[in-house]
Every structure is written in structure tokens, then in C-alpha cells.
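Below is one structure; the comments refer to it alone.
The values are calculated or read from the model by the stated rules, or taken from the named source; none is laboratory data. Values in this document were obtained by computation on a predicted structure and should not be read as measured data. Cβ coordinates were reconstructed from backbone atoms using ideal geometry, including for glycine residues, and neighbour counts include every protein chain displayed. Just so you know, the surface numbers come from the protein's heavy atoms only, side chains and all, with ligands and any DNA or RNA stripped out. Shrake-Rupley method; radii C 1.70, N 1.55, O 1.52, S 1.80 Å.
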Amino acid sequence: TGKHTALIDLKGVIGVESKAGADKMIQALNAAFKDKHTQGVILRINSPGGSPVQSGYINDEIRRLRAKYPDVPLHAVVQDLCASGGYYVACAAQRVYANPGTITGSIGVIMPFMSVKDLVEKIGVKGMTVKSGAFKDLGSPMRDMTPQERELLQGVVDNVHLQFVNAVAAGRNLNREDVLRIADGRIFTGEQARELG
């Protein structure tokens with residue numbers, strides 16, 4: 001009922017149905033900022049990342065709330081792990097506090113696929129697909145990916161990656177080219193990340 005610092009925990013994988021999903025995080029952020037007694041907000045993060053869409057929603061909402069409530073600072077305090085989507089969220093904070101040993105970074109996007117074509121052929125199983133367009137079975141594990149499919153998927157991954165890079169550059173007040181040099185999926189310790197800005 002009195003002046004306080006709001007504490008919001010973002011723990012685990014960031015996904016639609018997770019405790020760290022955008023709906024839950026945005027609801028908590030709004031409640032914290034709307035409370036007239038809130039003097040500041042700490043977003044405590046321990047996450048390996050997850051959905052770039054969910055992470056982007058949270059990043060956008062943090063930036064919106066910071067602009068709407070300029071007198072209420074929001075700081076990210078990251079624990080053991082703040083990588084990928086976790087860092088996507090953290091970079092929207094005014095400041096990011098990390099232990100020197102915190103694992104962070106992993107600024108990148110991944111879209112994994114698996115092919116079981118050779119295995120199913122070995123046991124005598126044959127996959128068949130009826131589709132309405134050339135790319136409708138994109139990523140099917142029953143066959144090898146074509147060069148055109150790989151190019152299309154790479155374009156999608158590159159586009160989402162650039163959205164992440166832009167968020168980091170804006171959030172940490174860095175030049176986009178400088179972020180691109182380190183945004184290849186590598187991880188950093190908190191100490192290394194601080195040296196890189």
C-alpha cells in the first residue's frame with residue numbers, strides 16, 4: 001500500500017503457454033507500472049529464451065510502458081541464464097545487471113529440422129504427400145530439403161534475426177553494425193557482455 005519497487009519474475013522458456021509467455025508478462029508489467037505507489041520495476045530474468053514473437057511482444061511492451069511512465073525506471077536483473085529471447089526482453093530495460101558468470105547473449109534465431117528419409121526407406125516405409133503448393137510441405141522429415149526451400153527458410157530466419165538485432169541496437173544504444181558482428185548466436189559471460197556494451 002506504500003511506495004515500493006515492483007518485482008516481476010520471468011523464469012523458464014518464453015512461449016505462448018508458458019509462465020514466461022507474453023500475455024502473463026505484459027499483464028504483470030502493466031499492473032506494476034499502473035500502480036501509483038510503484039517507484040521502479042525490477043524484471044528478474046532466468047531464461048534460455050524461446051519464441052522470438054513472444055519475446056518481441058514483451059520487448060515492445062516494456063518500451064511502450066517506459067515511454068508512457070518515464071519517471072518509473074525498469075531494470076533487468078539477470079540470474080544464471082539470460083540468453084536468446086531472454087536477452088531480447090532484457091535489452092529493453094534501462095539497465096541490465098548481471099553476475100560476471102551469467103550466461104547471456106545468443107543473439108540469433110534457429111529453426112531446426114530433421115530428416116528421417118533414410119531411416120524410413122531402410123525399414124520399407126514410404127511417405128506420400130498431397131499438397132496445394134510447392135512449399136506447403138516445407139520442412140517435411142520424409143524427404144530432403146530442396147535448395148529453394150532452404151533459401152526461403154533462410155530468408156525467414158534472417159528477417160527475424162534482424163528484428164532481434166535492431167531491438168538490441170536500440171535498447172543498448174549501439175550501432176547496428178556493431179551488434180551484427182557479435183549477433184551470430186554465440187554466448188557470453190556477464191563480464192564479456194559488459195565489455196561489449
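Assorted remarks:
- The set of residues in the range 54-65 that are of a type in the set (Ser, Thr, Tyr) and either over 17 Å from residue 169 (Cα atoms) or open to solvent by 20 Å² or more (accessible area, probe 1.4 Å) (or both) contains only 57.
- Of all residues making up the range 20-53, the number that are open to solvent by less than 20 Å² (accessible area, probe 1.4 Å) and either outside any loop (DSSP other than H, G, I, E, B) or at pLDDT below 95 (or both): 11
- Taken together, 151, 191, 195, 121 contain a single residue that is open to solvent by 100 Å² or more (accessible area, probe 1.4 Å), part of a helix (DSSP H, G or I) and in contact (Cβ under 8 Å) with a residue 12 or more places away in the chain, which is 191.
- For residue 165: the one exception among (1) in contact with a helix residue (DSSP H, G or I) (Cβ under 8 Å, 6 or more places away or on another chain); (2) of a type outside the set (S, T, N, Q); (3) exposed (fewer than 15 other Cβ atoms within 10 Å of the Cβ): (3)
- Residues (open to solvent by less than 20 Å² (accessible area, probe 1.4 Å) and closer than 19 Å to residue 187 by Cβ) located in the range 66-87: 76, 78, 82, 83, 85, 86
- Hey, residue 178 part of a helix (DSSP H, G or I) and either open to solvent by 40 Å² or more (accessible area, probe 1.4 Å) or touching a Phe, Trp or Tyr at 6+ places or on another chain (Cβ under 7 Å) (or both) or not: yes
- For the range 97-115, the set of residues classified as in contact (Cβ under 8 Å) with a residue 24 or more places away in the chain and surrounded by 14 or more Cβ atoms within 10 Å (Cβ to Cβ) consists of 98, 99, 102, 103, 104, 105, 106, 107, 108, 109, 115, listed by residue number.
- Checking the stated criteria, residue 63 turns out not to satisfy the condition of being over 16 Å from the mean Cα position of the chain (by Cα) and modelled with pLDDT of 95 or more.
- As a summary of the residue check, residue 116 satisfies the conditions (1) touching a strand residue (DSSP E or B) at 6+ places or on another chain (Cβ under 7 Å); (2) β-branched (Val, Ile, Thr); (3) more than 20 Å from residue 161 (Cβ to Cβ) except for the one numbered (1).
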